[in-house]
Amino acid sequence: MARILAQIKVFPAEVPSDLKKIQDRIVSALPKTAAALKFREEPIAFGLVALIAYIAMPEESGIMDEIEATLKGIEGVSEIETVMVTRI
(Lines give C-alpha, C1' and ligand atoms only; values in the text may rest on other atoms or scores of the structure.)
Protein backbone atom coordinates (compact mmCIF):
# COMPACT_ATOMS: atom_id res chain seq x y z
CA MET A 1 0.00 0.00 0.00
CA ALA A 2 1.27 3.47 -0.87
CA ARG A 3 2.00 6.05 1.81
CA ILE A 4 1.33 9.75 1.78
CA LEU A 5 2.99 12.70 3.46
CA ALA A 6 0.89 15.60 4.73
CA GLN A 7 2.26 18.99 5.66
CA ILE A 8 -0.12 20.43 8.25
CA LYS A 9 0.10 23.89 9.81
CA VAL A 10 -0.98 23.82 13.46
CA PHE A 11 -1.93 27.11 15.12
CA PRO A 12 -1.61 27.29 18.92
CA ALA A 13 -4.53 28.54 21.01
CA GLU A 14 -2.43 31.04 22.97
CA VAL A 15 0.44 33.44 22.32
CA PRO A 16 3.08 32.67 23.46
CA SER A 17 2.68 28.92 23.48
CA ASP A 18 4.90 25.96 24.38
CA LEU A 19 5.23 24.35 20.95
CA LYS A 20 7.27 21.46 22.36
CA LYS A 21 4.27 20.36 24.45
CA ILE A 22 2.02 20.57 21.39
CA GLN A 23 4.54 18.46 19.42
CA ASP A 24 4.55 15.82 22.13
CA ARG A 25 0.74 15.76 22.22
CA ILE A 26 0.60 15.37 18.43
CA VAL A 27 3.04 12.44 18.47
CA SER A 28 1.14 10.64 21.23
CA ALA A 29 -2.33 11.32 19.73
CA LEU A 30 -1.66 10.07 16.19
CA PRO A 31 -3.09 6.69 15.18
CA LYS A 32 -0.63 3.79 15.12
CA THR A 33 -0.61 3.80 11.30
CA ALA A 34 0.62 7.42 11.16
CA ALA A 35 3.94 8.94 12.20
CA ALA A 36 5.20 12.48 12.69
CA LEU A 37 8.43 12.67 10.71
CA LYS A 38 9.44 16.26 11.37
CA PHE A 39 8.30 19.53 12.91
CA ARG A 40 9.34 23.08 12.18
CA GLU A 41 8.22 26.46 13.44
CA GLU A 42 6.88 29.23 11.19
CA PRO A 43 6.48 32.79 12.51
CA ILE A 44 3.11 34.24 11.47
CA ALA A 45 2.63 37.71 13.03
CA PHE A 46 2.58 39.55 16.34
CA GLY A 47 4.37 36.77 18.22
CA LEU A 48 2.21 33.97 16.83
CA VAL A 49 4.30 31.00 15.73
CA ALA A 50 2.66 28.11 13.89
CA LEU A 51 3.94 24.56 14.06
CA ILE A 52 4.38 22.78 10.73
CA ALA A 53 3.95 19.02 11.16
CA TYR A 54 5.05 16.50 8.52
CA ILE A 55 2.95 13.38 9.01
CA ALA A 56 3.30 10.12 7.07
CA MET A 57 0.31 7.79 6.81
CA PRO A 58 -1.07 5.03 4.61
CA GLU A 59 -3.01 6.07 1.53
CA GLU A 60 -6.44 4.87 2.53
CA SER A 61 -9.92 6.32 2.55
CA GLY A 62 -10.73 8.55 5.52
CA ILE A 63 -7.24 8.71 7.04
CA MET A 64 -6.81 12.47 6.40
CA ASP A 65 -10.16 13.20 8.04
CA GLU A 66 -9.12 11.13 11.05
CA ILE A 67 -5.74 12.89 11.33
CA GLU A 68 -7.31 16.35 10.99
CA ALA A 69 -9.95 15.57 13.63
CA THR A 70 -7.25 14.23 15.97
CA LEU A 71 -5.11 17.35 15.58
CA LYS A 72 -8.08 19.70 16.10
CA GLY A 73 -8.91 17.91 19.35
CA ILE A 74 -5.48 18.33 20.91
CA GLU A 75 -5.27 20.63 23.92
CA GLY A 76 -3.53 23.89 23.01
CA VAL A 77 -4.45 23.77 19.30
CA SER A 78 -6.82 26.43 18.00
CA GLU A 79 -6.96 25.40 14.34
CA ILE A 80 -5.12 23.51 11.62
CA GLU A 81 -4.55 23.94 7.91
CA THR A 82 -3.51 21.17 5.54
CA VAL A 83 -0.90 22.79 3.32
CA MET A 84 0.19 19.91 1.11
CA VAL A 85 -0.36 16.19 0.60
CA THR A 86 1.86 14.03 -1.61
CA ARG A 87 2.73 10.38 -2.18
CA ILE A 88 6.00 9.10 -0.79
Out of (1) at pLDDT 95 or above; (2) in contact with a Ser or Thr (Cβ under 9 Å, 6 or more places away or on another chain); (3) more than 17 Å from MET84 (Cβ to Cβ), the odd one out for ILE22 is which?
(2)
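Residues in region 44-88 that are of a type in the set (S, T, N, Q), within 15 Å of THR33 (Cβ to Cβ) and touching a Leu at 6+ places or on another chain (Cβ under 9 Å): how many? Write out each step before concluding.
Looking only at region 44-88, we keep the residues that are of a type in the set (S, T, N, Q), and these are 61, 70, 78, 82, 86.
Right, trim to within 15 Å of THR33 (Cβ to Cβ) and you get 61, 70.
Now drop any that are not touching a Leu at 6+ places or on another chain (Cβ under 9 Å), which leaves 70.
Residues meeting the conditions: 1.
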Residue that is among the hydrophobic types (A, V, I, L, M, F, W, C), at pLDDT 95 or above and not in a helix (DSSP H, G or I), where the choices are ILE8, ILE67, ILE44:
ILE8
Selection count, region 1-17, where residues are over 13 Å from PHE46 (Cα atoms) and acidic (Asp, Glu):
0
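May I ask you to list the residues in region 53-85 that are among the aliphatic types (A, V, I, L, M), over 16 Å from ASP18 (Cβ atoms) and surrounded by 15 or more Cβ atoms within 10 Å (Cβ to Cβ)?
Matches in region 53-85: ILE55, ALA56, MET57, ILE63, MET64, ILE67, LEU71, ILE80.
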Conditions first: (1) among the charged types (D, E, K, R); (2) modelled with pLDDT of 95 or more; (3) not in a strand (DSSP E or B). GLU14 passes all but one, so which condition is the exception?
(2)
If only one of ILE88, ILE26 is surrounded by 13 or more Cβ atoms within 10 Å (Cβ to Cβ) and β-branched (Val, Ile, Thr), which one is it?
ILE26
Cβ-Cβ under 9 Å pairs, at least 6 apart or on other chains, region 28-57 side within 13 Å of VAL77 (Cβ to Cβ) and in contact (Cβ under 8 Å) with a residue 40 or more places away in the chain, far side in a loop (DSSP other than H, G, I, E, B) and among the polar types (S, T, N, Q)
LEU51/SER17
Looking at (1) assigned to a strand (DSSP E or B); (2) in contact with a helix residue (DSSP H, G or I) (Cβ under 9 Å, 6 or more places away or on another chain); (3) among the hydroxyl-bearing types (Ser, Thr, Tyr), which one does THR86 not meet, given that it meets all the others?
(2)
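The values are calculated or read from the model by the stated rules, or taken from the named source; none is laboratory data. From a predicted model like this one, the values you see are computed outputs, not experimental measurements. Note: ideal-geometry Cβ built from the backbone for every residue, glycine included; neighbour counts use all protein chains shown.
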